[in-house]
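For reference, the structure discussed in these notes is given below.
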Amino acid sequence: MKKIGPELDRIITERGVIKKNIAERLNITPTYFSRLLKAESMDCQMLENICNIIGISPAIFFDDVQSINIGGANATSVLGAATAQVNITEGEVNALRELLAEKERTIQILLSGQNRDK
């Protein structure tokens with residue numbers, strides 16, 4: 001297993017995320033957050049919360065992680081099976097449904113025009 005705190009610190013620095021902002025989102029002091037980044041291990045819930053904030057999977061901190069890259073889509077999992085989370089709003093879903101319905105209407109119009117031409 002990797003040393004969690006220093007690895008998190010490296011990732012946060014690489015991504016240019018402001019540590020004070022992470023501490024605020026976690027409702028902890030920047031001093032306590034700095035201590036966490038020096039620790040070899042930490043509470044699983046804290047690790048998950050930090051990972052969610054910086055946009056990484058907590059699985060990368062464990063030795064038996066498998067990483068798969070297929071067609072530009074990346075999946076990482078401790079057990080080999082990966083899940084994906086898609087954040088989409090109800091408004092976006094409705095807009096996509098309307099777009100799909102409009103495309104379907106267009107296809108039907110085009111098909112009915114072809115049938116009349118025959």
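One table, with the values for the structure above:
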quantity: Net lengthening on full extension, N49/T29 (0.36 nm per residue, minus Cα-Cα); calculated: 5.7 nm
quantity: Rounded FRET efficiency, nearest 0.05, which uses the C-beta distance separating I56 from E92 and R0 of 30 Å; calculated: 0.80
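Only the coordinates and a few stated rules stand behind these numbers; no lab work does. None of these values were measured; they are calculated from a predicted model. Reconstructed Cβ throughout: ideal geometry from the backbone, glycine too, with neighbour counts over all protein chains shown.
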